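So the structure is just underneath, and the comments pick up after that.
Computed from the coordinates by the stated procedures, all read-outs in this text should not be read as laboratory data. Owing to the predicted nature of the structure, the values given are computational and were not obtained by experimental measurement. With ideal geometry, Cβ positions are generated from the backbone for all residues, glycine too; neighbour counts draw on all protein chains shown.
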Amino acid sequence: MIQKRKAVTFLEIVIAVSILVVAMIPIFGLMSKETVETDKNASEAFAINKASEVLNAALDNIPFAVLRQGNPGYLRTDDLTGKFSDSSKFNDTWAKGLMKMLFGHTNKESAGYPCRGIITDARGIHYLIHLRVEDVSSEQKMPAPEKIRIGESFPDGKPADFSESKEFTYSYLKNPALLADGNWVVDYAENEEETGKPLTELDLEAGNRGVALPTQNIYLDQGMEGNPDGSRFMNPTALRYTQKMISDKVPYTADDKFAWCAMKKLVIQVQWNLDQKLFQKPEETSGRMQRIHLMTIKGDID
């Protein structure tokens with residue numbers, strides 16, 4: 001006896017396909033979400049790398065006097081010839097090459113080269129790079145550095161500190177006097193029979209102005225007892241200076257407030273848009289606008 005096989009009806013096919021489609025919707029949604037997150041993570045990594053590149057260049061490769069205050073900041077070299085060491089090599093040709101690499105342009109304005117431009121990644125997304133530069137000016141001119149004792153509880157306890165200041169200051173602990181003295185450099189004996197020279201640092205006495213000290217005296221003032229401001233191991237003296245006390249005037253301004261400037265605050269912003277229609281319009285704030293900021297301080301060590 002031959003059995004007859006039933007055919008699959010069109011309705012059954014439609015129902016099966018519908019079930020499959022419904023089941024696949026979450027999967028497609030997850031895949032779409034993963035794609036969006038991948039795009040976002042990749043673009044953030046590119047933006048952070050670019051921001052770090054600009055800040056590192058500003059810190060390491062751009063002289064303090066070349067980087068000018070502004071929002072955006074500027075690079076200017078034409079008013080610095082002969083005013084600081086190596087000023088001749090930091091010329092207009094150098095500035096153009098640097099601006100092309102960091103900001104994608106060589107456009108020059110009256111104030112200099114603006115630290116703002118657009119760069120593009122491999123996917124065609126445009127990024128707006130904007131570097132803000134602020135001179136940290138000094139208001140105070142003290143006749144002498146401030147001095148305090150940090151206390152004998154340090155380092156196990158909290159040291160005493162200077163009072164709050166409205167501007168940037170520099171503070172440090174004075175080195176112990178004997179270690180700061182060049183006389184601690186001594187000749188050592190090459191063998192035990194040689195006389196008049198120590199064999200090791202442990203053989204040096206405090207009276208010989210050497211490095212090592214007797215164990216019982218390691219925390220004493222090392223001969224500085226008569227000088228209340230002298231250097232010491234325990235309860236050492238801390239000094240604090242203002243910018244005006246430690247820096248020369250910058251060579252590019254006559255404004256006395258900003259002439260005494262030993263630090264610049266650098267804030268970089270990178271902005272882009274992940275809306276596919278706005279890939280090439282990073283200044284557009286609608287859609288899926290993204291933005292990161294990095295900040296650092298540049299000191300005048302030139």
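Numbers for the structure displayed
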| item | result |
| --- | --- |
| Residues Glu44, Glu164 arranged by fewest to most Cβ contacts within 10 Å | Glu164, Glu44 |
| Listed residue pairs exceeding 19 Å between alpha carbons, taken from Lys244/Lys298; Lys249/Lys298; Lys89/Lys265 | Lys89/Lys265 |
| Qualifying lysines (Cα of each under 25 Å from Cα of Lys281; at least 8 residues distant if same chain) | Lys33, Lys40, Lys50, Lys96, Lys100, Lys108 |
| Ser87 long-range amide H proximity, modeled H, under 5 Å | Gly82 |
| Separation of alpha-carbon centers, region 130-171 and region 229-302, rounded to whole Å | 17 Å |
